[in-house]
């Protein structure tokens, strides 16, 4: 969560609301973001697992991809060159997780693509990318688009997420249709008398929603949601613990430009037709790994001792041979112990395999485990 640039940190439009709520800030992806509020990371983590946590994620990049003739097929065809997922089959009112790949089959970023259901947005996709990559992503996408398709970054919105088992009831208070939205659906819903683009999705493993809120109404909606006693603001610290327990990748750590979707165990995001036909950047490597298996794989790791395995920790087999490294690690409050993710040689990736972690100059025993560490509770 470091800030390596000399450029001044940006602030989200809700900065003053975070100050009022007692936020402690840290630099993250060029922004001054809340790490936690008065209750602290562990309490915010627990609250989200049991109630509803409200996150400001408007540092992320949002753009519209649209065809001048409002042809969805044209937009989908353009994007399918850049991602391994199938876009043409995405139904109105649905969204999909995918990756931007480079010519070598590595991951430039992971992203969400959403197809609005209303006729006003026919021929349009909404794209949400990571904050640290949005400038590179938008330039990369634009460089490959045909003349009839354009990418339009959106500045007039704030992106919020409400996550946790009470989130559905909270939004249903504002709009009774919210409770019936299935996982990975998108629709316009009314929150605090404002029309908001809502998707049933998130980055915690819990049931929840992500909301594209008009900038002029962002503060009002933030305060309205927090007026519900089941909702508390949650910062990046708890968000990171939650996503790690859920076994979800963080760009720049668990995935990067050298990592393929197959190595990262994201094969589920590549539909069958794309596995057969390719036709996207990096398809030669990705299809080869689908056929023959990758050289290494992302795995879950549980240290045997109460010691944390941080990013970069070396992993060896029981004979002392180097087999990989940790990419994310920390304390898992829901499992009451240390957890980690990392990459190991495929031959060593079997669940139950005993390994050693090099921590503070000594070898610490651990075991390869399945992901996620905490079962997902999405609305299916």
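The values are calculated or read from the model by the stated rules, or taken from the named source; none is laboratory data. Worth saying up front: this structure is predicted, and the values here are computed from it rather than measured. In this analysis, Cβ positions are derived from the backbone assuming ideal geometry, glycine residues included, and neighbour counts consider all displayed protein chains.
Applying the selection to the stretch 346-376, what residues are in contact with a helix residue (DSSP H, G or I) (Cβ under 9 Å, 6 or more places away or on another chain) and assigned to a loop (DSSP other than H, G, I, E, B)? Listed by number, the residues that qualify are 372, 373, 374.
Scan the stretch 13-22 for residues that are under 17 Å from residue 159 (Cβ atoms) and touching a strand residue (DSSP E or B) at 6+ places or on another chain (Cβ under 6 Å) and report the count. Walk me through it before giving the result.
If we filter the stretch 13-22 for residues that are under 17 Å from residue 159 (Cβ atoms), which is where we start, we get 13-15, 17-18.
With touching a strand residue (DSSP E or B) at 6+ places or on another chain (Cβ under 6 Å) added as a condition, the list becomes 13-14, 18.
Within the stretch 13-22, residues that are under 17 Å from residue 159 (Cβ atoms) and touching a strand residue (DSSP E or B) at 6+ places or on another chain (Cβ under 6 Å) number 3.
The residue list 244, 248, 225 contains one member that is in a loop (DSSP other than H, G, I, E, B) and either buried (at least 20 other Cβ atoms within 10 Å of the Cβ) or in the same structural domain as residue 55 (by TED's automatic domain parsing) (or both), which is 248. For the stretch 284-301, the criterion of being in contact (Cβ under 8 Å) with a residue 40 or more places away in the chain and under 21 Å from residue 45 (Cβ atoms) is satisfied by at least one residue. With the structure loaded, tell me whether residue 65 is in a loop (DSSP other than H, G, I, E, B), at pLDDT 95 or above and farther than 12 Å from residue 234 by Cα or whether it fails that test. Spelling it out, it is not the case that residue 65 is in a loop (DSSP other than H, G, I, E, B), at pLDDT 95 or above and farther than 12 Å from residue 234 by Cα. Evaluating residue 64 against the criteria (1) touching a helix residue (DSSP H, G or I) at 6+ places or on another chain (Cβ under 9 Å); (2) surrounded by 18 or more Cβ atoms within 10 Å (Cβ to Cβ); (3) not assigned by TED's automatic domain parsing to the domain that holds residue 219 leaves one unmet condition, (2). Could you tell me how many of the residues in the stretch 72-98 are surrounded by fewer than 21 Cβ atoms within 10 Å (Cβ to Cβ), out of contact with any strand residue (DSSP E or B) (no Cβ under 6 Å at 6 or more places or on another chain), in a helix (DSSP H, G or I) and in contact (Cβ under 8 Å) with a residue 40 or more places away in the chain? Qualifying residue count, the stretch 72-98: 2.
Per-residue answers, yes or no, for (1) part of a helix (DSSP H, G or I); (2) surrounded by 20 or more Cβ atoms within 10 Å (Cβ to Cβ); (3) assigned by TED's automatic domain parsing to the domain that holds residue 317:
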{"residue": "238", "(1), (2), (3)": "yes, yes, no"}
{"residue": "253", "(1), (2), (3)": "no, no, no"}
{"residue": "257", "(1), (2), (3)": "no, no, no"}
{"residue": "263", "(1), (2), (3)": "no, yes, no"}
{"residue": "301", "(1), (2), (3)": "no, yes, yes"}
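On the given criteria, is residue 171 surrounded by 15 or more Cβ atoms within 10 Å (Cβ to Cβ), within 28 Å of residue 16 (Cα to Cα) and without any contact (Cβ under 8 Å) to a residue 60 or more places away in the chain? Answer is yes for this residue.
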